[in-house]
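Derivation of every value follows stated rules applied to the coordinates shown; laboratory data play no part. Quick caveat, the model's predicted, so the values are computed rather than measured. Backbone-built Cβ (ideal geometry, glycine too); neighbour counts: all protein chains shown.
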Amino acid sequence: MAKLQPVRGTHDLIGDDARAHLAIAETARDVAERYGFGPMATPIFEFTDVFQRTLGDTSDIVTKEMYTFDDKGGDSLTLRPEGTAGIARAFISEGLQNELPLKCFYHGPMFRHERPQKGRQRQFHQFGVELIGVAEPAADVEVIAMAADVLDALGILSETKLELNTLGDAQSKEQYRGALVAYFTGVADQLSEESKDRLGRNPLRILDSKDRGDRALVADAPIFDDYMTDEAAAFFAAVQDGLDTVGVAYTRNPHIVRGLDYYSHTAFEFTTEALGAQGTVLAGGRYDGLIETMGGPHTPGVGWGAGIERLAMMAGAPPAAARAITLIGLGDAGEKEALRLSRELRLAGLTVELVYKGGLKRGLKRADRIHAAAAVLIGDDELAKAAVTVRNFDSGEQTDVAITDLKDHLAAYR
Ligand code: ATP
Ligand code: MG
């Protein structure tokens, strides 16, 4: 038999951890709905091509991190490493072209085979949004503002910093790429092995390198702004202007290039010092070429994804669940009446914990452990009078209540 352990890099979510995940997704959903975004869920696996073709043959995800396998029918499938490619696939295969702009949010597990460490898992969860079909910079402004609002709703905005960059349009990218190749070729012998490899395939990625030696070289590398077309510069200026208009603060970071090939124009990350090495909590950008790359009509898009585990580490304890009323039946008739009342009170909107067995002492112990607000004691003596005893744990007060009045009496606990 296989070892009874979770697979390396995966985690069970138990108790408050599970509650925190749900609370974060719900909070983010509230914000997204206020922006007029609706839910969308795509499968957690797709044909490998969906990711291979869109994320780029040189991206870290495609070269090293994908969970790819052949299924029993011989198809190559991949567990999704991120959310955008699947949504773009659905946009094309479900014929959503007539529903533009498409504004959706999603959340769920993502899978990447990387070295597990704090804030980095092999199965992790993302909440993300996509705004498809709008080429105007107002779309970039809106999704970035939404990201800030989600972080604010979670109480962590002030611990993060918005870092903004532009990758320009295709022409800007091409010109810049040429300049980078010329520069890095001159210092190639000082580059890390990985970056030497990137130089031939995707020199932009060197700017993103975490290697110390590379970083020193990157500091003197050509600057993108010198190679930007006027159109790309105007677009970026409009995004910055829009962020000023809605009051979202940012700093420019020319080294944000994003790990995936499909980005153009806006690229951004919300980063924090609070999580050590894994400092990016939310990241996104504009992907005007993606849907065309997949074989769909040219359709612009912009969006972001946030790591729920990283958000959870920052957001702390989730809001407590509603305090329960415990129902303690004493004796056969009491237990039966407790069972009947449990359903009636729950249908009336109360949170009810039924004590299944074991008498008064065990019932009160359970009530104490779950920090119940009150107990309803249902014993033979009370039942004879068609009444129960309600004990309020905060005041210590004990009241006899007719069963017919119980719902009204407990309404205060809702
Ligand atoms: P990193 O630089 O940390 O590897 P990334 O650029 O690969 O991040 P994205 O693909 O932009 O990350 O994913 C968006 C967000 O998803 C990240 O900002 C992070 O919060 C989260 N994330 C990505 N990979 C992981 C992982 N392996 N474990 C936990 N969270 C992750
Ligand atoms: Mg990564």
Violating pairs (Cα-Cα greater than 20 angstrom) within the set K336/K361; K118/K210; K64/K196; K357/K407; K385/K407: K357/K407
The chain: angle of helix 331-347 to the longest principal axis, Cα-based, in degrees nearest 10: 40 degrees
Whole-percent pair-distance distribution, where bins are 20 Å wide, for the alpha carbons of the chain: 23, 43, 23, 11, 1
Projected label distance in nm at S93 and R323, using a 7 Å step from Cα toward the beta-carbon: 5.1 nm
Cα long-axis angle, helix 170-186 against the chain (0 to 90 degrees, to the nearest 10): 70 degrees
222 nm mean residue ellipticity, helices alone, for the chain (DSSP H n ≥ 4; -39,500 (n - 2.57); rounded to 500): -11500 deg cm²/dmol
Trypsin sites (Lys or Arg not before Pro) within the stretch 302-339, DSSP loop, no more than 16 other Cβ atoms inside 10 Å: R323
DSSP-assigned coil residues among trypsin sites (Lys or Arg not before Pro) in the stretch 40-101, each with at most 13 further Cβ atoms within 10 Å: K72
Rel. contact order, % - alpha carbon contacts under 8 angstrom, at least six apart, the stretch 120-234: 26 percent
Taking only Cα atoms of the stretch 325-413, radius of gyration then Dmax in Å: 11.5, 30
Restricting the stretch 1-109 to GluC sites (Glu not before Pro) in coil, as DSSP defines it, with at most 16 other Cβ within 10 Å: E94
Computed over the chain: relative contact order in percent, which uses C-alpha pairs under 8 Å that are six or more apart: 16 percent
Mean Cα-pair separation over length for the stretch 239-372, i.e. relative contact order, pairs under 8 Å, 6 or more apart, %: 15 percent
Computed E for T351/D225 - FRET, C-beta separation, R0 60 angstrom, nearest 0.05: 0.55
Under 28 Å from K103, Cα to Cα: lysines that are on another chain or at least 8 residues apart: K161, K173
Per-pair calculated FRET efficiency, R0 = 22 Å: E159 and E33 via Cβ, rounded to 0.05: 0.35
